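Colleague: Have a look at the structure that comes next, please.
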Amino acid sequence: MLAEEIARGSHSSGSKLPSERELAAAYGTSRTSVRQALEALAEEGVLFRTVGKGTFGPAAEARCGKRTRTLAFVIRESIFQFVQAGVNRILLGARKSCQENGYRLLFHSVSEDELDIEKGIDGCIIVGGAPGRLLDRLRGAGMPLVLADPLLLDDTNSSIGFDYAGGMR
């Protein structure tokens, strides 16, 4: 019944659903049944669940098909070799955050000639000068992107900028 409500648009994209207890009361069923139904809908990509935060209505990822809960951390190989120590700290932080939210994080070092990233990725964190052809291909495929690179900042994707001058001071 919940899936039908979602299909009719009763729950807006990203909106928090009532608690398992509230849903059980509303549908006249047990909390265990509600939990199993929510887990099944999350597996199908209809809902998004975050431990300790709740269950949320259809997210943009869900409209793209079944989610793998896998993100790619992408950096240009030549830049990674130059700034490896600093990027390792960013990578460890991203990995920890992904783990806490039930995601896997895959590291991809790419060059201008080698633009392949693994299939089945739900989104990419682009750090350090990813080749423009790769960005164009990912955008064309509708891949959710977060750009963490001042050279790539634009209005098309979510972006994180850095204050290098302030950091140096």
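The values are calculated or read from the model by the stated rules, or taken from the named source; none is laboratory data. Keep in mind that what you see is a predicted model, and the values were worked out from it rather than measured. No Cβ is skipped: glycine too gets one built from the backbone with ideal geometry, and neighbour counts run over all protein chains shown. All accessible areas refer to the heavy atoms of the entire protein, side chains included, with ligands and DNA or RNA removed. Shrake-Rupley method; radii C 1.70, N 1.55, O 1.52, S 1.80 Å.
Colleague: Restricting to the stretch 115-147, name every residue that is among the charged types (D, E, K, R) and either assigned to a helix (DSSP H, G or I) or over 24 Å from Leu92 (Cβ atoms) (or both). Even if it seems obvious, please write down each step before you answer.
Modeller: Residues of the stretch 115-147 that are among the charged types (D, E, K, R), as a first pass: 116, 118-119, 122, 133, 136-137, 139.
Passing the criteria: Asp116, Lys119, Arg133, Asp136, Arg137, Arg139.
Colleague: Just to be sure I understand, how many residues within the stretch 94-106 are among the small types (Gly, Ala, Ser), open to solvent by 40 Å² or more (accessible area, probe 1.4 Å) and out of contact with any Lys or Arg (no Cβ under 7 Å at 6 or more places or on another chain)?
Modeller: Number satisfying all stated conditions: 1.
Colleague: Given the options Asp149, Asp136, Asp113, Asp154, name the one that is open to solvent by 30 Å² or more (accessible area, probe 1.4 Å), among the charged types (D, E, K, R) and modelled with pLDDT under 70.
Modeller: Matching residue, one of Asp149, Asp136, Asp113, Asp154: Asp154.
Every residue, every condition in (1) open to solvent by 80 Å² or more (accessible area, probe 1.4 Å); (2) basic (Lys, Arg); (3) in contact (Cβ under 8 Å) with a residue 24 or more places away in the chain, yes or no:
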{"site": "Lys16", "(1), (2), (3)": "yes, yes, yes"}
{"site": "Ser33", "(1), (2), (3)": "no, no, no"}
{"site": "Gln36", "(1), (2), (3)": "yes, no, no"}
{"site": "Ala40", "(1), (2), (3)": "no, no, no"}
{"site": "Glu44", "(1), (2), (3)": "yes, no, no"}
{"site": "Arg49", "(1), (2), (3)": "no, yes, yes"}
{"site": "Thr55", "(1), (2), (3)": "no, no, yes"}
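Colleague: Another question about this same structure. Just give me the residues in the stretch 1-14 being in a helix (DSSP H, G or I) and in contact (Cβ under 8 Å) with a residue 24 or more places away in the chain, in sequence order.
Modeller: Those that are in a helix (DSSP H, G or I) and in contact (Cβ under 8 Å) with a residue 24 or more places away in the chain: Leu2, Ala3, Ile6.
Colleague: Okay, next question. Just the residues that are at pLDDT below 80, assigned to a helix (DSSP H, G or I) and not charged (D, E, K, R), please, taken from the stretch 15-64.
Modeller: Those that are at pLDDT below 80, assigned to a helix (DSSP H, G or I) and not charged (D, E, K, R): Ala42, Ala60, Ala62, Cys64.
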